[in-house]
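What follows is one structure encoded as structure tokens, with my remarks underneath.
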Amino acid sequence: MKTTFAAGAMLSAALLGGAPLAHADTELKVFVSSQHQPDVWRKVLDQYEAANPGTKVTIETGGNTSEAQVQYLNTVMTAKDTALDVLILDVIRPAQFAAAGWTSPFDGKDMSAYLPAYSEANTVDGKVVALPAFADAMFLYYRKDLLEKHGIQPPKTWDELKAAVKTINGAEKNPDLQGLSFQGKAIEGAVCTFLLPYWSQGKTLVDNGRLNFDRDAAEKSLALWKSFVDEGMSKKNIAEVATDDTRKEFQAGDAIFAVNWSYAWAQSQGKDSAVAGKVGVARLPAMTGGEQSTCLGGWEWGVSAYSTHQDEAKKLVEYLSGKDSSKYMAINGSLLPTYGDLYKDADVLKAAPWFADALQVVETAKPRPVTPRYNEVSETIRTTVNAVLAGVMTPEDGAAQIEARLKRVLR
Ligand code: GLC
């Protein structure tokens, strides 16, 4: 695989005169989510070690979904455990971690080089509390080969998507080919599942910190997702499907369409993929008559307040959040860059041509509500989405439940 570090590696080898690395004076432990290519981050860390003799960095992975990771981190941080120095955090968490006193601020850090959404997400009460790792948004993955074969354009509305599934399934007659894979499990990603069609009806959830809930739009959102199951276009067990399940189903060639984040691209083009070269990525469809909208994702690097290597950990985070690392992860892990100009970079576009259109999507993506009580907002929405998809609650009752609970949390 292509690396942007070749020059740096040669330089550090030259500086070292080929001598073996000195023994490690500092050992840093970095927490990385297992979903986001720890093996690729490892290569970035190898380069860091090569350029910083005396520092050894190890990776700890955990949790394949955002809420599973944060559950683990909550335990570690509550115990004031010094074992972790650097933490990768979902974009919804820096504010919460800062409020708990779990991360150390980066005093005087200039954030202007990053995309504005990430500069904002990492600045809390005027303090920079973490630095961007990668950008993210939800997209529609589709089987380019099948759409082309049947003369279909990527759908711009969910109704168009259903029509496309009918045409393709009617002709292909492959009972194992699912129309649409999306996330119905009660995971953090299901908050976005709910918000996508909700937002696309022109609605907001929170305005100026106050709940602005549209029950009718919420019911329509829940009903839309349920209709994919009822109409046989999504798997019956969609209530058990998490993000990486969708990634695997699509990569195995078992789905025409999939809702997913940017990381799924790299693996869909890899040697273990049944669909390499057959994948297209587009904006997510809207509700008919609505606007195409997506959920802002992304991950950030925080330094644990309990790390006993504050300066070294910050130095490492600066590096991980730097442009070279962002470019490397874009090329080798299809993680969206946090620097605007990398979306035009020739090496990046060679690895992920669709990134050329992704900047605009990231820039217009809508953030999930920012509140110290985000955990309760998340739990309410994701468990309701899951209950509706499992068939134990109607969309109508689901919308009423979300409204009643959010009213208590976001007054
Ligand atoms: C992606 C996004 C993150 C989101 C998560 C949900 O990792 O980057 O922000 O919360 O998916 O599953």
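Points to keep in mind about this one:
- Modelled label positions at Ala356 and Asp216, each set 7 Å beyond Cα in the direction of Cβ, lie 4.2 nm from each other.
- Most positive-pole-ward Cα, Leu140, Pro197, Phe228, against dipole of the chain from beta carbon charges: Phe228
- Shape of the range 52-111, Cα gyration tensor, a/c cut at 1.5: oblate
- Around Lys29: net Lys/Arg minus Asp/Glu count, Cβ-Cβ under 9 Å: -3
- This model, with +1 at the C-beta of Lys and Arg and -1 at the C-beta of Asp and Glu, gives the chain a dipole about its Cα centre of some 520 debye.
- FRET efficiency estimate (nearest 0.05) - Cβ-Cβ, Asp145 to Thr288, R0 22 angstrom: 0.25
- The slack in the chain from Lys56 to Lys271, taken as 0.36 nm per residue of separation less the alpha-carbon distance, amounts to 74.3 nm.
- Think of each Lys and Arg Cβ as +1 and each Asp and Glu Cβ as -1; about the Cα centre, that makes the dipole of the range 162-282 roughly 160 debye.
- FRET efficiency, 1/(1 + (r/R0)^6) with R0 22 Å, evaluated for Glu240 and Thr394 via beta carbons: 0.65
- Computed from label points 7 Å out along Cα-Cβ, the spacing between Leu349 and Thr204 is 3.5 nm.
- Within the accessible area of the range 58-126 (1.4 Å probe), percent carbon and sulfur: 50 percent
- Estimated [θ] at 222 nm from DSSP helical runs (n ≥ 4, -39500 (n - 2.57)) normalised by residues in the chain, nearest 500: -13000 deg cm²/dmol
- Full-extension gain in nm, Thr308 to Lys156, via 0.36 nm per residue minus C-alpha separation: 49.6 nm
- Cα-based shape type of the range 271-411, given that a ≥ b ≥ c are square roots of the gyration tensor eigenvalues and the cut on a/c is 1.5: oblate
- A simple spin-label model places the labels of Val409 and Met111 2.3 nm from each other, with each point 7 Å out along Cα-to-Cβ.
- Charge context of Glu148, other residues only, Cβ under 15 angstrom, K/R +1, D/E -1: +2
- Long-range Cα-Cα pairs in the chain (distance over 38 Å), rounded percent: 21 percent
- Stretchable slack from Lys127 to Asp341, in nm (0.36 nm times residue separation minus alpha-carbon distance): 74.5 nm
- Paramagnetic label reach from Thr364 (point 7 Å along Cα→Cβ; backbone nitrogen cut-off under 14 Å): within the range 202-238, residues 202.
- For the range 21-75, a/c is not less than 1.5, where a ≥ b ≥ c are the root eigenvalues of the C-alpha gyration tensor, and a/b does not top b/c. That puts it in the oblate class.
The values are calculated or read from the model by the stated rules, or taken from the named source; none is laboratory data. Keep in mind it's a predicted model, so treat the numbers as computed, not measured. Every residue, glycine as well, gets a Cβ built from its backbone with ideal geometry; the counts of neighbours run over all protein chains shown. Each accessible area value is taken on the protein alone, full model and side chains, heavy atoms only, with ligands, DNA and RNA left out. Shrake-Rupley method; radii C 1.70, N 1.55, O 1.52, S 1.80 Å.
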